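Written below as structure tokens is the structure these notes are about.
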Amino acid sequence: MNTFTPFFPRYLMPVIPVFVLLTVQLLRKKQWLIIVLVILTLPFFKSSIISDDLPGHTEAVAHFIRSRAYKELHRSFPLTQQKEISQTDFIEAYETFLDHLFTRSVSVQVGDIKKDGDTAQSTYTIAYHTRFGTLTHQPTLTFEKIQEQWHLVWSWDYVWPDFQPRSLSPDLCNTLADQNFKTETTPEIWVIPRLMYDWNKHLNYLVDVTGVDMLEVNRRLRLSIPDKFPRYVGQLSPEKAGKIKENTLPGIYLRDPNIGFPQDCLKHQ
């Protein structure tokens, strides 16, 4: 998987063959010049197709986690793991974990990278900013070089220690209990960005019912890629309770403030 070809060159690459044909047509009588040009361009083709930039790969994975780009993260796995863990199941499990915590945003930092031949390990600091406060852990991610491409060898422990799909880990539940979180008393406004067909109209409405600055609302919604999942906007202004009930814009949700400790954790108490 070539994760690191820059955005614009990647989409301009189909133009290259046309450019080559035009060059050949114009320089038919100067074949030696064509040979020189071909030789000079070979390193650029290699760097575009094959990337051995391990730090770049680790940073890309950090971006995928931070922006909840589940599909791109799944595509970074080795092909064997992509077959073992379906993309649909992977997305559902990861998003369910974040949703149970009322995750508002995710921060990721890449630490030390240790390379040993065709394998490498990198430490990460992943922080989930949730209704219950900020939850942080530092997993070590493993990468493997397969056919000249680096791939992320996936483990559910990267999400949280001992985490398994469809169930929060006992360790996470104990962490939540130790933090003595305070249950919110004000309803929260969440929105599905993909359903914001009229972005400005939605933004104006969300600013009105939350009292959050428009630039900040826009920033929060762009922290993750647009998807079918709801994203946190802000708390409902008490004086706008009536207006939210009359809302007709799609994708806007009012989340119950009485939902406190994640239900999956109750069995561990």
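A short reminder: the numbers here are calculations on the coordinates, not readings from a lab. Just so you know, these numbers come straight off a predicted model, no measurement behind them. We place every Cβ from the backbone using ideal geometry, glycine too, and count neighbours over all the protein chains shown.
Laid out as a table, the results:
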read-out	value
Vicinal HN-Hα couplings computed from phi for segment 234-241 (Karplus, 6.51 cos²θ - 1.76 cosθ + 1.60; Hz; Gly/Pro x)	x, 8, 5, 5, x, 6, 9, 4
Filtered trypsin sites (Lys or Arg not before Pro), segment 148-238: DSSP coil and at most 14 other beta carbons within 10 Å	Arg166, Lys182, Arg222, Lys228
Projected area averaged over orientations for segment 188-255, convex hull of C-alpha atoms, nm²	3.9
Length released on extending from Ile225 to Tyr197, taking residue separation times 0.36 nm less the Cα-Cα span	8.6 nm
Those aspartates and glutamates that a straight Cα-Cα span of less than 12 Å connects to Lys145, excepting residues fewer than 8 apart in one chain	Asp52, Asp53, Asp116, Asp118
Neighbourhood charge, 10 Å Cβ-Cβ cut-off, centred on Gly211 and excluding it, Lys, Arg +1 and Asp, Glu -1	-2
Pairs beyond 31 Å (Cα-Cα), from Lys115/Lys228; Lys83/Lys201; Lys71/Lys245; Lys71/Lys114; Lys71/Lys201	Lys115/Lys228; Lys83/Lys201; Lys71/Lys245
Segment 54-167: equivalent-ellipsoid semi-axes (sqrt of 5 x gyration tensor eigenvalues, Cα, Å)	23, 17, 11
